[in-house]
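Each remark here refers to the structure printed beneath this line.
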């Protein structure tokens, strides 16, 4: 199994190839949602299918959300306690997309911390149908998560990647960050 982690002040940032809906050891997972929090394709569709129709019934009262905003719901039939829904930026449309993507990650981390979540799993936000090039998104995601681990009570953040190609991009970023951390 492809898995890599780095230790940041006795907290863990981990990357894996896998299914975001199959993370039973994680307290909250992040849904890369649309503004109306409706079941969609990709990550959102998978999360809604596994959580059941109760997820949308609950979430729709929280919609619409703005780019980088995060809201939280119960996870229903998922093996987690919560789902944090967030709207990442559309590459080339939502400006400045780099700042908005970083805010998206940080808002999820802060919301998790507010709910006293200790472990959180992210997909690669905005790199699917929102068109954000993964080579540009991965460093922003990793840097935001490292900052979030330093500033909150989270003890572990996992980035769950759908393909080995995506994993290899993130793995390169994490390896570089790991080398730069003080020993």
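Values in this text are rule-based calculations from the coordinates and carry no lab data. The model shown is predicted, which means the values in this text are computed figures rather than measured ones. Here Cβ is always computed from backbone atoms with ideal geometry, including for glycine, and neighbour counts include all displayed protein chains.
Between residue 180 and residue 164, the contour length at 0.36 nm per residue exceeds the Cα-Cα span by 3.3 nm.
Distance between the modelled labels on residue 3 and residue 66, one decimal in nanometres: 4.0 nm (7 Å Cα→Cβ projection).
Using only Cα atoms, tell me the angle between helix 42-51 and the longest principal axis of the chain; keep it within 0 to 90° and round to the nearest 10. With rounding to tens, the tilt is 60 degrees.
Helix 97-114 and the longest principal axis of the C-alpha atoms of the chain enclose an angle of approximately 80°. Between the Cα long axis of helix 134-151 and the first principal axis of the chain there is an angle of about 90°, rounded to the nearest 10. Cα centroid separation, region 19-46 to region 65-140: 10 Å. Among DSSP bridges having both ends in the chain, what percentage is antiparallel? Round to the nearest 5. In the chain, DSSP labels about 40 percent of beta bridges as antiparallel. From helices alone, the chain scores -12500 deg cm²/dmol at 222 nm; the rule is -39500 (n - 2.57) for each run of n ≥ 4 DSSP H residues, then divide by the residue total.
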